[in-house]
1. Look at Asp215 and say whether it is assigned by TED's automatic domain parsing to the domain that holds Asp132, in contact (Cβ under 8 Å) with a residue 60 or more places away in the chain, within 20 Å of Ser133 (Cα to Cα) and of a type outside the set (S, T, N, Q).
2. Would the stretch 6-21 turn up any residue that is touching a helix residue (DSSP H, G or I) at 6+ places or on another chain (Cβ under 9 Å), outside any strand (DSSP E or B), at pLDDT below 85 and farther than 22 Å from Pro150 by Cβ?
3. Here is a check on your reading of the model: is Ile95 among the hydrophobic types (A, V, I, L, M, F, W, C) and in contact (Cβ under 8 Å) with a residue 60 or more places away in the chain?
4. Out of the residues in the stretch 59-115 that are buried (at least 18 other Cβ atoms within 10 Å of the Cβ) and β-branched (Val, Ile, Thr), state the one that is modelled with the lowest pLDDT.
5. Anything in the stretch 160-187 that is in contact (Cβ under 8 Å) with a residue 40 or more places away in the chain, under 17 Å from Ala76 (Cβ atoms) and assigned to a helix (DSSP H, G or I)? List them, or say none.
6. Go over the candidates Leu127, Leu114, Leu141 one by one and state the one that is within 30 Å of Ser319 (Cα to Cα) and in contact (Cβ under 8 Å) with a residue 24 or more places away in the chain.
7. Quick one: is Val273 more than 29 Å from Leu229 (Cα to Cα), surrounded by 16 or more Cβ atoms within 10 Å (Cβ to Cβ), among the β-branched types (Val, Ile, Thr) and modelled with pLDDT of 95 or more?
8. Picking from Leu287, Leu268, Leu303, which residue would you name as being of a type in the set (A, V, I, L, M, F, W, C) and over 23 Å from Glu123 (Cα atoms)?
Amino acid sequence: MRHKKLLLPLVLLLAVCLMLPAGSVDAAKRRFVSIASGWVTGAYFPMAGAISRVAYKNLQDKGIKVTAESSGASVANAKLIGAGDTDLAILQNDIASYAYEGKKPMFDEKITNLLGVCTLFPEHVQLVARKDSNIKSPADLKGKNVAIGPVGSGTTENAMQILEAYGLKVEDLGKAEQLTAEQSADYLKDGRLDAVFFTVAVGAAVIVDTSIVVDTTIVPITGANVDKLVKKYPFYAQQTVPGGTYKGNDQDVPTVSVMAMLAARADLEEDIVYSIIDAMYADIDQLRKAQDKFKDIAPETGLVGMSVPLHPGAKKYFSEKGILK
């Protein structure tokens, strides 16, 4: 009798499961993936949003859902990967390498569970100065009030390396502020800053808006000092900010750039990474229309500047496409 009492609930449960629509059963297999990006006003957040939309549109049948999250950008994102607090992250290729190698004092230990998925777009180091500050070169920053990027950001690392290439240290500045992009822009507008380092895609809204409010100039980063910079830090490439990008800047301005890239936790399932990158490139127009800066994203350039070992899912994708030999 006791066995019959135990058997009845099991039979009922099985009957209920059989009556459920297939979608309800599949929901149990749904896999939620987080992607850490950056500030809402930067380029990382819309890129993460575009990847999330691509996944929603193309990967529902596989139960993969990607959620974009704002964060403190490159250094913070590498640490989120290391701590297992995010599945995917967008960050600079130089910072990814420093994380993987455990470069101090930025990283206390090696983050070897950070693996590459693909590189995305170049991020130009744009040194924006008030025209009335008379800054013509990074060498002129001595004694000036300068924002060098938020604490834990790739921008700060870029700023310090460029200062170094021009024979300066942070201590040589009149004042070094570590502010968000929005705060930096506000300080520049009201005269509390002479210049700001931004490591962002060309045409970033924060610089466009600032140039409308106050007369600014994009300071050239070029010459023998840049040759020295690239030799010591080979992740940099010499680039140009096209004339007309910002109000008051009509001529092309030479500078340097790093690459934005997508990284994944090493233990994130191979099929998830493969499916996401396959969906991204199959629906590439969705990515490109998220921002003008993304117009050149393509699988053929997805390994340019890759600075860490590839995730197995990415390795499978690029091998199948004949891009990884």
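1. Numbers: assigned by TED's automatic domain parsing to the domain that holds Asp132: yes; in contact (Cβ under 8 Å) with a residue 60 or more places away in the chain: yes; within 20 Å of Ser133 (Cα to Cα): yes; of a type outside the set (S, T, N, Q): yes.
Spelling it out, Asp215 is indeed assigned by TED's automatic domain parsing to the domain that holds Asp132, in contact (Cβ under 8 Å) with a residue 60 or more places away in the chain, within 20 Å of Ser133 (Cα to Cα) and of a type outside the set (S, T, N, Q).
2. Of the residues in the stretch 6-21, the ones touching a helix residue (DSSP H, G or I) at 6+ places or on another chain (Cβ under 9 Å) are 17.
Narrowing the set further to residues that are outside any strand (DSSP E or B) leaves 17.
Narrowing further to those that are at pLDDT below 85: 17.
Next, only the ones that are farther than 22 Å from Pro150 by Cβ stay: 17.
Checked against the condition, which is being touching a helix residue (DSSP H, G or I) at 6+ places or on another chain (Cβ under 9 Å), outside any strand (DSSP E or B), at pLDDT below 85 and farther than 22 Å from Pro150 by Cβ, the stretch 6-21 yields at least one hit.
3. Details: among the hydrophobic types (A, V, I, L, M, F, W, C): yes; in contact (Cβ under 8 Å) with a residue 60 or more places away in the chain: yes.
Taking the combined requirement at face value, the residue satisfies it.
4. Out of the qualifying residues, it is Val75.
5. Ala181, Glu182
6. On the way: Leu127 fails: within 30 Å of Ser319 (Cα to Cα); Leu141 fails: within 30 Å of Ser319 (Cα to Cα).
Just a single option satisfies the conditions, and that option is Leu114.
7. Criteria met by Val273.
8. On the way: Leu287 fails: over 23 Å from Glu123 (Cα atoms); Leu303 fails: over 23 Å from Glu123 (Cα atoms).
Sole residue among the options that is of a type in the set (A, V, I, L, M, F, W, C) and over 23 Å from Glu123 (Cα atoms): Leu268.
The values are calculated or read from the model by the stated rules, or taken from the named source; none is laboratory data. Given the structure is predicted, the values throughout are model-derived calculations rather than measurements. With ideal geometry, Cβ positions are generated from the backbone for all residues, glycine too; neighbour counts draw on all protein chains shown.
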